[in-house]
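Working notes, beginning with the structure itself.
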Amino acid sequence: MTSTRDIVLWVVLPYVCLAVFVGGHAWRYRYDKFGWTTRSSQLYESRLLRWGSPLFHFGILAVFAGHVMGLGVPETWTSAVGISEGMYHFMAISIGAVAGLATVVGMALLIYRRRTNGPVFGATTRMDKLMYLMLGLVVALGMWNTIAGSMLHTYGAYDYRLGVSVWFRGIFTFQLHPELMAAAPFSFQAHGTVAMLLFALWPFTRLVHVFSVPFFYLWRPYVVYRSKPERFGARAPRRGWERSERSLR
């Protein structure tokens with residue numbers, strides 16, 4: 001029998017966080033367009049950023065793609081195209097471990113850079129710190145589920161594709177099964193709860209820049225630059241640091 005706690009956690013909370021996620025972005029875009037930015041700190045420090053940013057961004061993109069595959073695609077679909085369960089779990093472990101490691105290393109470099117560089121740390125807000133904390137918890141719990149569940153077999157024969165994935169897809173079809181999440185191991189429950197809270201926090205942090213990728217640049221017309229033709233009798237341009245004749249008088 002499903003308890004009130006399970007209804008609140010696995011039915012009410014997902015829709016509340018989803019509503020805040022959508023409504024928060026609409027509010028932020030309407031009233032804080034100038035704040036819709038990554039608050040880039042590249043001018044302050046670029047050496048660590050050059051390594052940490054690609055590792056984190058490419059790693060988190062791979063993690064996101066893995067979650068779409070694992071949570072959004074039913075087991076029957078992968079079996080229909082010839083991907084066995086053994087092959088699927090091997091791909092999930094190998095690719096997921098590499099993507100997770102890249103994400104963790106990249107995030108560690110970015111946090112170290114932000115904490116040890118004075119100007120970068122001075123530009124860090126409280127929401128930035130909360131965002132890093134929540135994001136770090138989500139990644140850490142996800143890595144633990146991958147290592148403990150798939151490699152160490154800590155949870156025995158538990159298959160998240162028959163439990164967590166079915167519950168997740170039910171959010172978008174309005175057919176949630178809270179009993180499936182209630183039966184999941186605690187680390188899966190914690191991972192899902194913190195992830196939902198992160199999505200609710202998302203619109204009020206610098207993470208909004210995810211929806212500002214300039215795809216239109218791919219179709220933007222070329223910008224033609226033309227040099228100014230020299231006029232007859234015009235004086236040759238001086239170097240920028242030379243003093244003018246007037247200042248020498």
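Among the residues of segment 17-40, those that are assigned to a helix (DSSP H, G or I) and surrounded by 13 or more Cβ atoms within 10 Å (Cβ to Cβ) comprise Cys17, Leu18, Val20, Phe21, Gly24, His25, Trp27, Arg28, Tyr29.
The conditions of being surrounded by 12 or more Cβ atoms within 10 Å (Cβ to Cβ), under 29 Å from Glu179 (Cα atoms) and among the aromatic types (Phe, Trp, Tyr) are met by Trp10.
Put simply, of Leu49, Leu55, Leu13 the only residue that is assigned to a helix (DSSP H, G or I), modelled with pLDDT of 90 or more and under 28 Å from Gly106 (Cβ atoms) is Leu55.
Taking Val68 as the residue in question, decide whether it is open to solvent by 50 Å² or more (accessible area, probe 1.4 Å), modelled with pLDDT of 95 or more, of a type in the set (Val, Ile, Thr) and in a helix (DSSP H, G or I).
Considered against the rule, which asks whether it is open to solvent by 50 Å² or more (accessible area, probe 1.4 Å), modelled with pLDDT of 95 or more, of a type in the set (Val, Ile, Thr) and in a helix (DSSP H, G or I), Val68 comes out as no.
Every listed requirement among (1) touching a residue at least 40 places away in the same chain (Cβ under 8 Å); (2) among the small types (Gly, Ala, Ser); (3) assigned to a loop (DSSP other than H, G, I, E, B) is met by Ala62 save one, (3).
Open to solvent by less than 50 Å² (accessible area, probe 1.4 Å) and not acidic (Asp, Glu): does that describe Ala108?
Considered against the rule, which asks whether it is open to solvent by less than 50 Å² (accessible area, probe 1.4 Å) and not acidic (Asp, Glu), Ala108 comes out as no.
The criterion of at least 1 residues that are without any contact (Cβ under 8 Å) to a residue 60 or more places away in the chain and open to solvent by 70 Å² or more (accessible area, probe 1.4 Å) is met, among helices (runs of 4 or more DSSP H) falling completely within segment 115-210, by 118-122, 126-144, 164-173, 186-201.
Evaluation of Gly86 against the conditions (1) among the small types (Gly, Ala, Ser); (2) surrounded by fewer than 15 Cβ atoms within 10 Å (Cβ to Cβ); (3) touching a helix residue (DSSP H, G or I) at 6+ places or on another chain (Cβ under 6 Å) shows that the sole unmet condition is (3).
What do you reckon, is Gly52 open to solvent by less than 50 Å² (accessible area, probe 1.4 Å) and touching a Gly at 6+ places or on another chain (Cβ under 6 Å)? When the stated conditions are applied, Gly52 passes them.
The values are calculated or read from the model by the stated rules, or taken from the named source; none is laboratory data. These numbers come from a predicted model, not from an experiment. Virtual Cβ from ideal backbone geometry, glycine too; neighbours counted across all protein chains shown. For the accessible areas, the whole protein counts, side chains as well, though only heavy atoms, and no ligand, DNA or RNA atoms are used. Shrake-Rupley method; radii C 1.70, N 1.55, O 1.52, S 1.80 Å.
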